[in-house]
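Working notes, beginning with the structure itself.
Throughout, read-outs are computed from the coordinates displayed, never taken from laboratory work. Bear in mind the structure is a predicted one, so any value in this text is a computation, not a measurement.
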Amino acid sequence: MYPNLKLEIFKLGIHQNHLAREVGIGETILSKIIHGYREPSEAERAKLATYLNADPAWLFQKYEGGRPAQSAGPPAVEAPQERKDGQS
């Protein structure tokens, strides 16, 4: 995930589809880039950084939350543990 990219888009108050059209990137591709499912090409990085007037190195810092990236979908839920006193 690229939180700085998402932040800059939010700060400008523009929609992803508008940004995609402005820089010549497909909407689906831009969404995948923002959410970390696709690595942007150097050309895509340059277009987005120029349009957002941001440093590409900062704009494309990845955030993994201190753990490996997970696939799309809800996180796994652990089964409740039985307490030592026999109650759950």
Length-normalised contact order for the stretch 3-59 - Cα pairs under 8 Å, 6+ apart - percent: 34
5 angstrom amide H check on GLY36, placed H, neighbours 5+ away: TYR2
Percent breakdown of C-alpha pair distances by 10 Å bin, ordered from the shortest bin, for the stretch 3-59: 25, 69, 7
